[in-house]
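This report refers to the structure that appears directly beneath it.
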Amino acid sequence: MRAMILAGLLAVSVLGSNAAQAADQGNPIIDYKQFTRQVDEVGKLREKRRISEEQFLEMIKDPKTVLLDARSGPMFKLLHVQGAVNLSLPDFTEEALAKIIPTKQTRVVIYCNNNFKNEPVAFAPKAPAASLNIHSFNALHSYGYTNVYELKPLLDRNTTKVPFAGTQVEQREINAQAVRVQK
């Protein structure tokens, strides 16, 4: 019995040291090498899962689809795609994602700042390599979500068919109503 326990501990120790070697030296829960391997793998999948405005609009009509906005809470509150749920990328954890995405197979549709122009505050453009879609897609894959799609084009906020919600939309409606009342 004692030999079995020692063998088990040795196996755990070897597996643990292998995991630690794979992770960043000095921190076993950061693994840059795995991240770079995953980026290559996910990049191929991502190319197949980037969708047009029309596909985006069709997918988000499905009540089983989760439309995820990973921007900050204040920017989400200001303006977001109607029907989206917000979980800021820095807040992604297994538990937080599970609260808003029913299963790992649920279809998740994402968008980010770099999908909308002419909205410099709520959708301030990011450097192309820092686009939130890239990071969100990879992070969702890291957590095992297998059915992720990403809005591809850069759309003009003023002419897109994509519906928006948020305090900015509410304020525009109030302003428009005030103008109508004045006439």
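The values are calculated or read from the model by the stated rules, or taken from the named source; none is laboratory data. Remember, predicted model here, so these are calculated numbers, not experimental data. Don't worry about glycine lacking a Cβ; one is built from the backbone with ideal geometry, like all the others, and counts go over all protein chains shown.
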Scanning the range 68-126 for residues that are in contact with a Phe, Trp or Tyr (Cβ under 9 Å, 6 or more places away or on another chain), loosely packed, with under 15 Cβ neighbours inside 10 Å and touching a residue at least 24 places away in the same chain (Cβ under 8 Å), which turns out farthest from E53 (Cα to Cα)? E94
Extreme residue, farthest from E150 (Cα to Cα), among residues of the range 69-86 that are of a type in the set (A, V, I, L, M) and in a helix (DSSP H, G or I): L78
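Residues that are at pLDDT 95 or above and under 14 Å from the mean Cα position of the chain (by Cα): which helices (runs of 4 or more DSSP H) entirely in the range 91-183 hold 3 or more of them? Break it down stepwise before answering.
Working: elements: 94-100, 132-142, 167-182.
Output list reads 94-100, 132-142.
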Got at least one residue in the range 1-22 being surrounded by 15 or more Cβ atoms within 10 Å (Cβ to Cβ), at pLDDT below 95 and over 14 Å from V148 (Cα atoms)? yes
Has the range 46-68 got any residue that is in contact with a helix residue (DSSP H, G or I) (Cβ under 8 Å, 6 or more places away or on another chain), closer than 20 Å to V169 by Cα, hydrophobic (A, V, I, L, M, F, W, C) and not in a loop (DSSP other than H, G, I, E, B)? yes
Could you grab me the full set of residues in the range 144-183 that are out of contact with any strand residue (DSSP E or B) (no Cβ under 6 Å at 6 or more places or on another chain), hydroxyl-bearing (S, T, Y) and over 12 Å from V42 (Cβ atoms)? T159, T160, T167
For the range 133-167, how many residues meet the condition of being polar (S, T, N, Q) and either buried (at least 17 other Cβ atoms within 10 Å of the Cβ) or touching a His at 6+ places or on another chain (Cβ under 6 Å) (or both)? 4
